[in-house]
Amino acid sequence: MDPQPSVVRYGIGWPLLGFVAGSAAQLAQSALWSSAVYATVLSLALACLIFVSALMRRRRLAAALVAFSLGITCALAGFAATGWRAAAQASQALAAALEGKDLQVSGVVTDMPQYRQTGVRFGFRIDKATLDGQVVSVPPDVSLSWYFDRPGAVTTSGGEADADADAANAVAGAQIAFQPAPVRAGERWQLMVRLRAPHGTLNPFAYDSELRQWERGIQAVGYVRRGPKDASPQGLGQTWRHPVELARQQVRERLHEQGLEPRSGGVVAALVLGDQAAIDRIDWHVFRQAGVAHLMSISGLHITMFAWLAVRLLAWAWRRSVFLCGLWPAPSAALLGGVLLAGAYALFSGWEVPAQRTVLMLAAITGLNALAIRWPWPQIWLLACAVVVMIDPWALLQAGFWLSFVAVGILFAMGPPGGANAQQGVLERLRALVREQALIGLALAPLSLLLFGQFSIVGFVANLFAIPWVTLLVTPLSMLGVVWAEAWVMASVTVQWLVAALSMVADLSWSVLARPQAPLVLGVLAVLGGVGVALRLPWSLRALSLVTLLPVLLWQPSGVPDGEFELIAVDIGQGNAVLIRTSQHALLYDTGPSFGVDHDAGQAILLPLLRAMAVRLDRVLLSHQDADHTGGAAAVLVAHPQAEALGSVDEAHPLQSVRAIRACAAQQRWQWDGVDFEILWPPSGQVQSGAKPNTRSCVLRIASSSASALMTGDIERKQERELVLSLGDALRADLLLVPHHGSKTSSSDAFLDQVTPQTALLQAGYRNRYGHPAAEVSQRYAQRGIDVRSTVQCGAITWQSWRPELSTCPRVQAPRYWRHQVPD
């Protein structure tokens, strides 16, 4: 009996496509419906599916009508199933009343701890939580941090003068040697913790940490309390739960014991365990510039290679036994075993989207072959896509999902390399492979521009030697190290050679094409055009496809009118960073905090924003040298060598070695494109006086013919009073950057009465330990009817001088159900 007639007649593609489309539509919802509504829609969709299936068996509907009906029905099912899961997860959110409370929790460590400079972070499944002895309801899955004990670390009282403590502790953390994590996957613990909602920064073109936490099912984050008055953490023994994560942790500890060179060892850890956080930031930059970042994680290429090796070895071993061959043919047994082993490797390496996609495609192809079913490649591709979305609907919002599936779709559509002509010689096949590699790179270029705002021009050349080097040398040695540790040493050496070679091409000034990120419609059109270039179409049609790339390459975001200026108060947590643009110039006022020795707001937030907006900085103004204002400065200054550095920074400060920073002083003035800039504070010579950094913050006033803005740094009452006395009405501004993040030491009555702003921008961290903004400060602004826009409530805020009455608040104006809404 032929198992294919129903598939051939009606097509499985439409139901699969419908399910994916329905799930994608649900992700666009700004707010969730109730679980009951989603359950009702899902029930109706399943009833319709049963009804249509019955008509299919009786051949009472035309094939096209059946395919359409199945597609719509599965779209409703995908929408409802995703919404029902989301509503169930949202119901477990942490109650606002429990944020910041000391909770006694017991539960199990759910994953391999991730290292930071100051400690480790790990998933924790809570079985029971109590507050003052009373059982309370908390989210079952949380992410906790356990900070290391660091000799000589700075201790603070939580007061407002502790801005530099985090940076000092981060440096201390960087100097400690590797030490085993205090917890192990699968262990049961009783801990004293403080939790809060997973509130992350929200900026254009930046990584959405809240979405990532939601995708992992994390509804609260926090840290382990270990103060003198806190109950000590108690290990309650190892459980059988999460054995794979425990094995991963044990392998990582063995890898660290080898004493590998830290940077190359991080790459080896990423290839063995999928631990991408182990790769040094400098190396990530090289890999991205060279266009080979996809090789430094567990990608489909690695899984496929592993499966191919497993199939070869299993087939060889199976043929050695007459008994086994009598039970099952060697090719079939080897294929099944190869898929199972590939699945085990993907699971061991973290089960990320590219690994999921590859294992599912291999499983689909193996299963169809075993059943003698021959599906067209688009249906196999859609099947893997639909299963990934069924497991993790929010993967649709990941860049890795689209890069992975688009790349594989192109490979399927192009057919076997070089046409798989057995009569071709080695040279002809090599030429065909090189040509097709170039076409794939060209096809994926628009997608890279759409997702990241840049494309590696040297990526084609770099991948020609990096792919075989990583696939045939680095990865096998890294994997072999699990059973023979000496192989890790050899893998580390091969990584060092590779990084040295890639650095030469990545350092070329023209290695990367960066363009402002175009609107979605233009981006999708360009991606389709890129795919058209790669397909086996006549060259006339391929040339026509190239035309669709032009809008993305030529597109420019709307500019700032002459004589006006725009401010973007970037959401960087506790700190300041404001981008100020005129029609032809740009200034960055402060650069946000450092989150650790190798992680800061400049690298993580500001540079992606500047790149996506195609902003070339003319000047970086550092109001003063506190870490929450200069933490990202080094990364920004290195990436923008043409930018002049101006600020209130001591001559002995480490930043002076990155770029000479000219001291700011009152009465410094300049004009860009009809917009006036003037430094109002500090008085000349005060930077060298050794005064407290806050008191010598650079105060900048920007004025156009339409409106004005005042950037204040961390000035305090005394400086505010002197500014009022010396400048009077010249201090007035339509927009005010709230001094010192809303500290009670600033925003005095006299100062606010003199500035008389209509709008105030407040940059502070969610539930920051300084208590910013202070209640009495917020009351002063409210009494004067000043519209205070906070990055905590809004995310990144845009304000324009030609429309001073308008400002954006994306967390409110463009909500998504996974984003945290701050309680009033």
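The values are calculated or read from the model by the stated rules, or taken from the named source; none is laboratory data. Since this is a predicted model, take the numbers as computed values, not measurements. Backbone-built Cβ (ideal geometry, glycine too); neighbour counts: all protein chains shown. All accessible areas refer to the heavy atoms of the entire protein, side chains included, with ligands and DNA or RNA removed. Shrake-Rupley method; radii C 1.70, N 1.55, O 1.52, S 1.80 Å.
Worth pointing out:
- Whether the stretch 635-684 is rounded, prolate or oblate, judged on the alpha carbon gyration tensor where a/c under 1.5 counts as rounded: oblate
- Note on the stretch 599-720: antiparallel DSSP beta bridges, both residues inside, total approximately 65 percent of the bridges counted.
- Inter-centroid distance (Cα atoms) of the stretch 560-582 relative to the stretch 103-137, Å: 39 Å
- Where the Cα pairs of the stretch 179-286 fall when distances are cut into 10 Å bins, in %: 12, 27, 38, 22, 1
- The alpha-carbon of Lys692 sits under 14 angstrom from the alpha-carbons of these aspartates and glutamates, leaving out residues fewer than 8 places away in its chain: Glu160, Asp162, Asp164, Asp626, Asp650, Asp714, Glu716.
- Placing unit charges on the Cβ atoms of the charged side chains and taking the dipole of the chain about its Cα centre, the candidate lying farthest along the positive direction among Phe287, Ser705, Ser743 is Phe287.
- Within-15-Å neighbourhood charge of Arg184 [Cβ basis; K, R +1; D, E -1]: +3
- Full-stretch length increase - Gln556, Asp749 - with 0.36 nm per residue and alpha-carbon distance subtracted: 65.1 nm
- Dipole of the chain [Lys/Arg +1, Asp/Glu -1 at C-beta], most positive-end residue of Gly575, Leu451, Met361: Met361
- Label-point gap, in nm, between Ala614 and Leu513 - each point 7 angstrom along Cα→Cβ: 1.3 nm
- Here the stretch 227-275 has 54 percent of its accessible surface on carbon and sulfur atoms, given a 1.4 Å probe and all protein chains in place.
- In the chain, the calculated helix contribution to ellipticity at 222 nm averages -14000 deg cm²/dmol per residue, counting -39,500 (n - 2.57) for every DSSP H run with n ≥ 4.
- Diffusion constant of the stretch 680-782 at 25 °C, which comes from Stokes-Einstein with the Kirkwood Cα-pair radius and 0.890 mPa s, µm²/s: 176 µm²/s
- Bridge type composition, the stretch 683-783 - antiparallel percent by DSSP, nearest 5: 45 percent
- The stretch 575-632, relative contact order [Cα under 8 Å, separation at least 6], %: 44 percent
- Span from the the stretch 476-544 Cα centroid across to the the stretch 694-710 one, whole angstrom: 44 Å
- Estimated inter-spin distance, Ser657 and Arg721, nm [label 7 Å along Cα→Cβ]: 4.1 nm
- For Trp308, the solvent-accessible surface with a 1.4 Å probe is about 140 Å², rounded to the nearest 10.
- Here the relative contact order of the chain, from alpha carbon pairs under 8 Å that lie six or more residues apart, stands at 10 percent.
- Sequence-distant lysines (8 or more away, or on other chains) whose Cα lies within less than 23 Å of Lys128: Lys101, Lys229
- Placing a label point 7 Å from the Cα of Ala247 along the Cα-to-Cβ direction, the residues of the stretch 94-116 whose backbone N falls under 16 Å from that point are 111-112.
- Stretching Arg57 away from Leu464 to a fully extended chain increases their span by 141.4 nm, per 0.36 nm per residue minus the current alpha-carbon distance.
- Cβ-placed point charges (K, R +1; D, E -1), dipole of the chain about Cα centre in debye, nearest 20: 2940 debye
- Tensor-based shape of the stretch 264-389 (alpha-carbon gyration tensor, a/c under 1.5 rounded, otherwise prolate or oblate): oblate
- Heavy-atom accessible surface of Leu65, to the nearest 10 Å², is about 90 Å², with a 1.4 Å probe and all protein chains retained.
- The distance separating the Cα centre of the stretch 23-45 from that of the stretch 427-464 comes to 39 Å.
- Two-site FRET efficiency, Ser684 against Val37, from Cβ-Cβ distance with R₀ of 56 Å, rounded to 0.05: 0.25
- Each Lys and Arg Cβ is given +1 and each Asp and Glu Cβ -1; about its Cα centre, the stretch 363-522 then shows a dipole of about 340 debye.
- Virtual spin-label span in nm between Met414 and Leu544, 7 Å along Cα→Cβ: 2.3 nm
- Using a Förster distance of 56 Å, the FRET efficiency for Ala438-Gln671 (Cβ separation, nearest 0.05): 0.70
- Taking the Cα centre of the stretch 771-824 as origin and assigning +1 to Lys and Arg Cβ atoms and -1 to Asp and Glu Cβ atoms, the resulting dipole is close to 160 debye.
- Partnerless Cys - the chain, beta-carbon criterion under 4.7 Å: Cys48, Cys74, Cys325, Cys385
- Cα-based shape type of the chain, given that a ≥ b ≥ c are square roots of the gyration tensor eigenvalues and the cut on a/c is 1.5: prolate
- Per residue, the chain exposes an accessible area of 45 Å² to a 1.4 Å probe, with every protein chain left in place.
- Residue among Cys48, Gly107, Ala63 farthest towards the positive dipole end of the stretch 12-116, charges placed on Cβ: Ala63
- The relative contact order of the stretch 233-301 comes to 23 percent, based on Cα pairs under 8 Å that sit 6 or more residues apart.
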